[in-house]
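Trainee: Have a look at this one before I ask anything.
The values are calculated or read from the model by the stated rules, or taken from the named source; none is laboratory data. Keep in mind that what you see is a predicted model, and the values were worked out from it rather than measured. Here the Cβ is made from the backbone with ideal geometry for all residues, glycine too, and neighbour counts use every protein chain on show. Heads up: the accessible areas ignore ligands, DNA and RNA and are worked out on the full protein's heavy atoms, side chains in. Shrake-Rupley method; radii C 1.70, N 1.55, O 1.52, S 1.80 Å.
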Amino acid sequence: MSTTSRSQPRVSFASLTPNNLGTVRKLNSVLFPIKYSEKFYQDVLLPQAEDFCKLVYFNDVPVGTICCRLETVDNKTRLYLMTMGVLAPYRSRGLGSKSLEHVIAAAANNPKLKIESMYLHVQVSNASAKSFYERHGFKEVAVQQDYYKKLIPHDAWILERSLTDQQADK
Amino acid sequence: MVARNNPILANKEDANFREALKLFDSKQYKKALKLVEANIKKNSSHAESLALKGVLNHHLGHKAEAKQFITKAVSKEPGNYLVDHLAGIYFRTIDDYPEAAKWLKASIDNGSPNRAILRDLALLQSQIRDYKNLRDTRQAYLEFQPGYRANWTATAIAQHLNKDYNAAVNTLTKIEDIIKPHLTEADVYEQSECCLYKNYIVNEAGNYTKALELLEKDEKEITDRLSFLEYKAKYLVLLGQNEEASLIYRQLLQRNPDNVDYYTLLETALGTSSKPFEYRLKLYEKLARFYPRSDPPKFIPLTFLPSDHPSFEQKAKEYVESQLKRGVPSTFVNIKPLYKNIEKLKVIEKIVLEFFKLQAPSLNPTITVWSKYFLAQHYLYLNDLVTANDYIDSALDHSPTLVELYIVKARIIKHFGDYEKASQIMNEARELDLQDRFINSKTTKYLLRANKVNEAIDCISLFTKLDDDAVNGCKDLHLMQVNWVLIESAEAYTRIYHEYEKQLKDLSPEDPSEEALAAEQELKENIDIFKGLALKRYHAVIDNFKIFFDDQFDFHSYCMRRATPRDYIETLKWEDKLHSTPIYVRTIKGLSSVYWEIYEQQQKQKELDASNEDKESSPS
């Protein structure tokens, strides 16, 4: 019994609710150098965001979060990845990949919303993050100058991946 | 009867009274009251009318004007069974059980033909534990209504409570025999329970041979298979038929391999308790293979193996490591009973430290955090607060979203003496998961310990029912009889007013400024408010225990009808120990100490007043 639980840790996802939002706040405060606004915490609870905002559990302990928001401009809907992070001791175990794939699958399998693509910002100093997203089918589409006001370097890459074309997945 | 000796007055008034009684029975209290008042106007010593007026006053809400009429009526005609009956009814409604029993008994003794009184009397006698008279009452009522099995059961219970085991068994056997040919599907449960109750009595009487014989004879009637097996195995052990007993305990283990008692009893039956450790260990290893998911066969060997036995370390290692690897949050709590033996504690400490240093780093990160969690509790147990704190801080750095860690952190800080900070840490954990009722209660308790009563009540109010106009769940906490919140609040209020009293003492009495006077006044008001609140909350706990006591009243009849005599007996035993419940004792202690303080202050004030008067009256 114990051998199976050692080699096969349980990874699961939970939707955000007003009750477990405190766990998201705690994770954000530990994971990111930015203090997120109350608007952020209101948005992640919106019903249409439910499939794209998750807590990540490892053996029943919440160890990470992924939060996206839907953006619709000119009838085109895109998914913007606001935050994704996993507590340090739990990294390099595929949790980030699983979380990202989980959200991508949820977005691609939602014909109602017609989500065309998913995009995100990565600080230009963070090459390992960039290659992580590239492994998941994202491509650099632009560099946004002065995206990070308080962090150095200020610039960010914009990475994007189509969600309509499954072939984009390598 | 006095009325009969006085026929001229009696006729008209008695007729009126009879009419009033009918109205009373049909709950037309106002009309009834008019009639008896007319009677009393004519004859102010018409006892029956006086008694009924007393009862009616109570029912109509004039509670203060009820008792005097009852007292007057029974002093005029104590031998009138109607007056007695009404007095009994009155005292029953005000929960004065001894008086109610006294007057209902008087009504019967004075010749009331109303047999239903016997039933009411029996309930009161049960409530006041007057078992001697209860037996006669139940017997008399059974003779009046022998057609109900409940009355036979009730009589047997009364006999049993008088330790008249033979009579009780006879009563139960008699009704069993009468009813057997007429049993329907609906009676099966009652039949089974009554058979088991009969057995329970024979067992209590100490006659195990007869108990076993009856049990086997009744096997077909008994549907409660678990009780049947438990009783049978117990009798077999007591009668020395160990081999057969062990077979039944094995059967019981199959039904529930998590019941620790079955393992101990199996060993008693097998006679292995005094055998060498190795022998016993083999037995448990075998049982563990049979029941791999059960805790007892793995844990029990750790209790009997001595700490220096080579197998102890190995078995303890298997036990602890398997739980740490699975991330069982209660690992420490499971192992703690072994800590009474300091040598075992040391062995386990070594096992966990080695596991944590050598194995955990290469395993899942959750295993590391659960090991740190274990070690923090371990050092907290040893009162090594600094080491405990280091482990829990490192666990919190590792996994700051794990609620359990904060609970231990808060406990450590509490042991350091900082209640305020402890409550903040608990609250931090609560905010991680607002749905977790356990952490909500813990936070409430820690806030109360930090004297933050309002915050505490707001916190627990998230889990209470809120009326529309209620600001918090305080009312619901009373209604739901949440004694732990009530007593913790009372103790917090007591600490708060003691703090104000200290501040008052520290005020300089020489300062005549307006500010100083205002400060003094404010402190005095606060002392009064919080002392009052402390008393109020302590009394709320006492009130709940009164309700617990009163609540059993209904069971004196309900359990007979529902045929749960064994549970009824257990309930009575529990009720008899009600006032030694720790929370009740704690309440009485706290409440009386507040009252003693008040008393002493009053005495001091009196002395002060007296000496002031002396000064004033004696001209200087």
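Trainee: If you take just the strands (runs of 3 or more DSSP E) that sit entirely in the range A:33-95, which of them hold at least 2 residues that are open to solvent by 10 Å² or more (accessible area, probe 1.4 Å), touching a helix residue (DSSP H, G or I) at 6+ places or on another chain (Cβ under 8 Å) and within 18 Å of A:LEU120 (Cα to Cα)?
Mentor: Fully inside the range A:33-95 and qualifying: A:61-73, A:76-86.
Trainee: Something else now. Of everything in the range B:369-383, what is surrounded by 15 or more Cβ atoms within 10 Å (Cβ to Cβ) and more than 14 Å from chain A (Cβ to nearest Cβ)? Give them in sequence order.
Mentor: Within the range B:369-383, B:PHE374, B:LEU375, B:ALA376, B:GLN377, B:HIS378, B:TYR379, B:LEU380 qualify.
Trainee: Please count how many residues of the range B:302-354 are open to solvent by less than 30 Å² (accessible area, probe 1.4 Å), within 14 Å of chain A (Cβ to nearest Cβ) and in a loop (DSSP other than H, G, I, E, B).
Mentor: 1
Trainee: Inspect the range B:273-280 for any residue being buried (at least 19 other Cβ atoms within 10 Å of the Cβ) and in contact with a helix residue (DSSP H, G or I) (Cβ under 9 Å, 6 or more places away or on another chain) and give the result as yes or no.
Mentor: Yes; the residues of the range B:273-280 include at least one that is buried (at least 19 other Cβ atoms within 10 Å of the Cβ) and in contact with a helix residue (DSSP H, G or I) (Cβ under 9 Å, 6 or more places away or on another chain).
Trainee: Being under 33 Å from the mean Cα position of the chain (by Cα) and aromatic (Phe, Trp, Tyr) is the filter here; which residues of the range B:62-121 pass it?
Mentor: B:TYR90, B:PHE91, B:TYR97, B:TRP103
Trainee: Would you check which residues across the range A:17-30 are out of contact with any helix residue (DSSP H, G or I) (no Cβ under 8 Å at 6 or more places or on another chain) and either over 24 Å from A:LEU151 (Cα atoms) or crowded, with 17+ Cβ neighbours inside 10 Å (or both) and list them?
Mentor: Within the range A:17-30, A:THR17, A:PRO18, A:ASN19, A:LEU27, A:ASN28 meet the criteria.
Trainee: Pairs, please: C-beta under 6 Å, at least 6 apart or cross-chain, first residue farther than 15 Å from B:SER44 by Cβ and open to solvent by less than 80 Å² (accessible area, probe 1.4 Å) and in the range B:58-73, second part of a loop (DSSP other than H, G, I, E, B) and of a type outside the set (Ser, Thr, Tyr)?
Mentor: Listed by first residue and then by second, the contacts come to B:HIS58/B:ALA66.
Trainee: If you check every pair at least six apart or on different chains, which have Cβ atoms under 6 Å apart with a residue in the range B:416-434 that is of a type in the set (A, V, I, L, M) first and a residue that is surrounded by fewer than 20 Cβ atoms within 10 Å (Cβ to Cβ) and outside any helix (DSSP H, G or I) second?
Mentor: B:LEU434/A:ASN19
Trainee: With (1) more than 22 Å from A:GLY64 (Cβ to Cβ); (2) within 11 Å of chain A (Cβ to nearest Cβ) as the list, and B:PRO365 as the residue in question, which single condition is left unmet?
Mentor: (1) is the only condition that B:PRO365 fails.
Trainee: While we're on this one: I'm checking my understanding of the structure. Among residues of the range B:435-477 that are part of a loop (DSSP other than H, G, I, E, B) and open to solvent by 70 Å² or more (accessible area, probe 1.4 Å), which one is farthest from the other protein chains (Cβ to nearest Cβ)?
Mentor: B:ASP469
Trainee: For the condition surrounded by 23 or more Cβ atoms within 10 Å (Cβ to Cβ), in contact with a strand residue (DSSP E or B) (Cβ under 8 Å, 6 or more places away or on another chain) and not in a helix (DSSP H, G or I), what is the one hit in B:THR366, B:THR401?
Mentor: Residue meeting the stated conditions: B:THR401.
Matching residues to (1) open to solvent by 10 Å² or more (accessible area, probe 1.4 Å); (2) outside any helix (DSSP H, G or I); (3) not acidic (Asp, Glu):
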{"position": "B:LYS174", "(1), (2), (3)": "yes, no, yes"}
{"position": "B:LEU212", "(1), (2), (3)": "yes, no, yes"}
{"position": "B:LEU215", "(1), (2), (3)": "no, no, yes"}
{"position": "B:THR223", "(1), (2), (3)": "yes, yes, yes"}
{"position": "B:ASP258", "(1), (2), (3)": "yes, yes, no"}
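Trainee: A follow-up question, please. Of (1) within 9 Å of chain B (Cβ to nearest Cβ); (2) surrounded by fewer than 17 Cβ atoms within 10 Å (Cβ to Cβ); (3) under 26 Å from B:TRP370 (Cβ atoms), A:ALA14 satisfies all except one. Which?
Mentor: (1)
Trainee: Keeping to the range B:384-408, report how many residues are within 14 Å of chain A (Cβ to nearest Cβ) and either without any contact (Cβ under 8 Å) to a residue 12 or more places away in the chain or touching a Gly at 6+ places or on another chain (Cβ under 8 Å) (or both).
Mentor: 2
Trainee: Quick check: anything in the range B:150-165 closer than 29 Å to B:THR184 by Cβ and among the charged types (D, E, K, R)?
Mentor: no
Trainee: Restrict the check to the range B:531-552 and report whether at least one residue is touching a Lys or Arg at 6+ places or on another chain (Cβ under 8 Å) and surrounded by fewer than 17 Cβ atoms within 10 Å (Cβ to Cβ).
Mentor: no
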